[in-house]
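**Q** First, the structure itself, so that you have it in front of you.
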Amino acid sequence: MSFETEELSRIELEDKIVGEIAKKTGKSYQEIFSMISEKQERMGNLLSFEIVALIVAKEVGVKISEYISLVEKRILNEDSR
C-alpha cells in the first residue's frame, strides 16, 4: 500500500517507519526509537528524526522508497509554514 495520497503527521510518519524497522528486525518500538535517537546524537543532531529513521531503515534492509517522498513533503511543508 502506498501512502502517497495520505497526509501524515510527523508522529504518524515516524510510527510507520519505526514499525517497518521493528517488523524487519524483530525489535521492540522502544529499542528502535533508542537506535534512531543514538544515531541521531552521533550525527550531532543535525538531521531530523525522520531522516535518521530512514537511514536506519535502509541499513536493516527496509525498502524506503515510498517513505522518502513522504518525509520530503512533510519537511518541506513544515518549513513553508
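Throughout, read-outs are computed from the coordinates displayed, never taken from laboratory work. Just so we're clear, the structure is a prediction, and the values are computed from it rather than from any experiment. A quick note on method: Cβ atoms are made from the backbone with ideal geometry, for glycine too, and the neighbour counts reach across all protein chains shown.
**Q** Give all pairs with beta carbons closer than 6 Å in which a residue from the stretch 20-32 that is closer than 20 Å to I51 by Cβ and without any contact (Cβ under 8 Å) to a residue 40 or more places away in the chain meets a residue that is of a type in the set (V, I, T) and assigned to a helix (DSSP H, G or I); count only pairs at least 6 apart in sequence or on separate chains.
**A** Matching pairs, first to second residue: A22/I32; Y29/V18; I32/V18; I32/I21.
**Q** Name the residues in the stretch 60-74 that are part of a helix (DSSP H, G or I), within 12 Å of the chain's Cα centre (by Cα) and either without any contact (Cβ under 8 Å) to a residue 40 or more places away in the chain or exposed (fewer than 15 other Cβ atoms within 10 Å of the Cβ) (or both), would you? Quick ask: steps written out before the conclusion?
**A** So in the stretch 60-74, the residues part of a helix (DSSP H, G or I) come out as 65-74.
With within 12 Å of the chain's Cα centre (by Cα) added as a condition, the list becomes 65-72, 74.
Correct list: S65, E66, I68, S69, E72.
**Q** Can you tell me how many residues within the stretch 28-53 are out of contact with any Asp or Glu (no Cβ under 7 Å at 6 or more places or on another chain), closer than 14 Å to D15 by Cβ and either among the charged types (D, E, K, R) or in a helix (DSSP H, G or I) (or both)? Give the steps one after another, and end with the answer.
**A** Residues of the stretch 28-53 out of contact with any Asp or Glu (no Cβ under 7 Å at 6 or more places or on another chain): 28-48, 51-52.
Subsequent filtering for residues that are closer than 14 Å to D15 by Cβ retains 28-30, 32-33, 36.
Next cut, either among the charged types (D, E, K, R) or in a helix (DSSP H, G or I) (or both) only: 29-30, 32-33, 36.
Residues in the stretch 28-53 being out of contact with any Asp or Glu (no Cβ under 7 Å at 6 or more places or on another chain), closer than 14 Å to D15 by Cβ and either among the charged types (D, E, K, R) or in a helix (DSSP H, G or I) (or both): 5 in total.
So that you can scan it fast, the table gives a plain yes or no per residue for (1) polar (S, T, N, Q); (2) more than 19 Å from L70 (Cβ to Cβ):
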| site | (1), (2) |
| --- | --- |
| E20 | no, no |
| G26 | no, yes |
| I32 | no, no |
| S37 | yes, yes |
| M43 | no, yes |
| L47 | no, no |
| A57 | no, no |
